[in-house]
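First the structure, in the form of structure tokens, and then the observations on it.
The values are calculated or read from the model by the stated rules, or taken from the named source; none is laboratory data. The structure presented is a predicted model; accordingly, all values stated were derived computationally and were not measured. Cβ atoms come from the backbone with ideal geometry, glycine included; neighbour counts cover every protein chain shown. In case anyone asks, the SASA skips ligands and DNA or RNA and just uses the protein heavy atoms, side chains included. Shrake-Rupley method; radii C 1.70, N 1.55, O 1.52, S 1.80 Å.
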Amino acid sequence: MALELRQQLKLTQQLVMTPQLQQAIKLLQLSRLELAESIQQELLENPVLEVQPDPVDESAEPAKKDPAEDRFQSVNVEEPRQLQDSEWQDYLGEFSSLSRQMQSRDWEVPEEAMSYEARLAGKSTLVGHLTWQLRLSALSERELAISEVILGNLDRVGYLCESIEDIAEMAGCDPEEAERVLRVMQRLDPVGICARDLRECLLIQMEELGMDDPILVSLVNEHLEELEKRRYKPLAKKFKLSMEEIKHYLDCLQRLDPMPGKSFGTEDPQFTSPDVYLVQQGEDFIVVLNEDEIPALMINEAYAKEMTVHHKEAREYIQEKVRSAQWLMKSLYQRQRTLHKVAESIVRFQIDFFRHGVTQLKPMILKDVALDISMHESTVSRITTNKYMSTPHGIFELKFFFNSALGMDDGSEAGSESVKAEIKKLISEEDPKHPLSDELISQLLKKSLGVNIARRTVAKYRMALNIESSSKRKALF
């Protein structure tokens, strides 16, 4: 077969991702704090863009308009071609105006936005706490240098990650000298810090507390694995002890701290600031967007008026910056509208949850909300990423309201999160001496809720809740 070169015309339609459209999509998935940082960066880079000043006359009655639109004002400059492209609708869908309740709201945003805890100083770190004690000790400068190497090789709960030989090599000293410094550090507060394993950590604490019972020392030295697996009867037989005496030794061990460094924070605490507030008025729930740190933007009119005065290069530069500012304000406006519409749709689907709690959480997927508000699923997914809603039952990520379905006897469906809540409740109310097995929990759920759930699904949900199996929850005494 002969090879030949041909020309062929073909008409196709495809979505072109312009830089402006990419920016709009990126803004959708930013959290409120990330959005505020992005706006501040744009304010620094675009001289045409500026923050709208606060109104001088607060008593004057403002004109009735869309509150989201009022935050992003613009001068009368020709709209960029990109704003008219059909790709925008593909990603954001059709937007209707915000509800009348939003336009005429007469309440204030809850004071949770100004968290008192967020103003508190961070917790002392483990390394800082130990360094402070070492500086007050009688160690020499050389020994302090060795201690710094040891501090640099601790894990988050205070255990030493490297061998004493490696510590000595890094510090440029003998292993005996490093061991001597390590023993001093292990007696600092909290006692047992810098231990190389759990056995050494417990033995150090027992030594400091004067717990020198030979049987107790032997239990820690040689039988930690049996204690962890709750093999008490072989231990009672070996040491010729009654179960009551075994219980006494266990009570002594429970006074010790297996992770002495865990109580110290390694990072500053992170606080969640909700993007959406759900305000209850009687039987209704009103969605209010949190815009505290999102500045109202506008275009500097002085630049816009000089677009025809400057020479060509300056004029083109100003026009480009005006179009960029317009697109940013348009994108912000559409983002806030999208977030509001998605939040309202979630409230409509999950109204029973907001009224009665997590046990009434219904199964819901992204497609349900997308069809309800005429948007694409990818848009719903982006706008619910890293966004939080403050509800009467606490602060939840918007992704929390999307959960899978479990079939029920009457043909209806139950949400997986509500089933998890019921599992947690059943386990919290169980008899510690006779904990509920996964199979029994499955039967109880079928009896109480009518949910058809397999034992392995119960086990998966239980592990997701960080709850141990029934054998490990069982109390011996």
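Counting only residues that are modelled with pLDDT of 90 or more, open to solvent by 30 Å² or more (accessible area, probe 1.4 Å) and in a helix (DSSP H, G or I), how many does the stretch 134-149 have? Of the residues in the stretch 134-149, 6 are modelled with pLDDT of 90 or more, open to solvent by 30 Å² or more (accessible area, probe 1.4 Å) and in a helix (DSSP H, G or I).
Whether any residue in the stretch 329-344 is open to solvent by 60 Å² or more (accessible area, probe 1.4 Å), of a type in the set (A, V, I, L, M, F, W, C) and more than 18 Å from Glu34 (Cα to Cα) is what I want to check. The answer is no, given that none of the residues of the stretch 329-344 is open to solvent by 60 Å² or more (accessible area, probe 1.4 Å), of a type in the set (A, V, I, L, M, F, W, C) and more than 18 Å from Glu34 (Cα to Cα).
Restricting to the stretch 185-202, what's the tally of residues that are crowded, with 19+ Cβ neighbours inside 10 Å and outside any loop (DSSP other than H, G, I, E, B)? Counting residues in the stretch 185-202 that are crowded, with 19+ Cβ neighbours inside 10 Å and outside any loop (DSSP other than H, G, I, E, B) gives 4. With respect to Arg230, is the statement that it is in contact (Cβ under 8 Å) with a residue 60 or more places away in the chain and open to solvent by 30 Å² or more (accessible area, probe 1.4 Å) true? Yes, satisfied.
What is the residue count in the stretch 414-435 for residues that are more than 30 Å from Ile365 (Cβ to Cβ) and either open to solvent by 80 Å² or more (accessible area, probe 1.4 Å) or in a helix (DSSP H, G or I) (or both)? Can you show your working first?
At the first step, the residues of the stretch 414-435 found to be more than 30 Å from Ile365 (Cβ to Cβ) are 429-435.
After this cut, where a residue has to be either open to solvent by 80 Å² or more (accessible area, probe 1.4 Å) or in a helix (DSSP H, G or I) (or both) as well, the list is 429, 433-434.
So the count comes out to 3.
Asp292 passes all but one of (1) assigned to a helix (DSSP H, G or I); (2) charged (D, E, K, R); (3) under 30 Å from Arg323 (Cβ atoms); which number fails? Only one criterion is unmet by Asp292, namely (1). Here Leu253 does not qualify as among the hydrophobic types (A, V, I, L, M, F, W, C) and touching an Asp or Glu at 6+ places or on another chain (Cβ under 9 Å). Listed by first and then second residue, the pairs linking a residue in the stretch 406-426 that is farther than 13 Å from Val458 by Cβ and of a type in the set (Phe, Trp, Tyr) to a residue that is open to solvent by less than 30 Å² (accessible area, probe 1.4 Å) and modelled with pLDDT of 80 or more, with Cβ atoms under 9 Å apart and 6 or more places separating them unless they lie on different chains, form an empty list. No other residue among Gly128, Gly172, Gly152, Gly158 is crowded, with 19+ Cβ neighbours inside 10 Å and either out of contact with any strand residue (DSSP E or B) (no Cβ under 6 Å at 6 or more places or on another chain) or aromatic (Phe, Trp, Tyr) (or both) apart from Gly158.
Among the criteria (1) closer than 24 Å to Val380 by Cβ; (2) modelled with pLDDT of 85 or more; (3) not hydrophobic (A, V, I, L, M, F, W, C), the one Pro19 does not fulfil is (2).
Condition check: within 40 Å of the chain's Cα centre (by Cα) and farther than 18 Å from Ser263 by Cβ. Does Arg199 satisfy that? It is true that Arg199 is within 40 Å of the chain's Cα centre (by Cα) and farther than 18 Å from Ser263 by Cβ.
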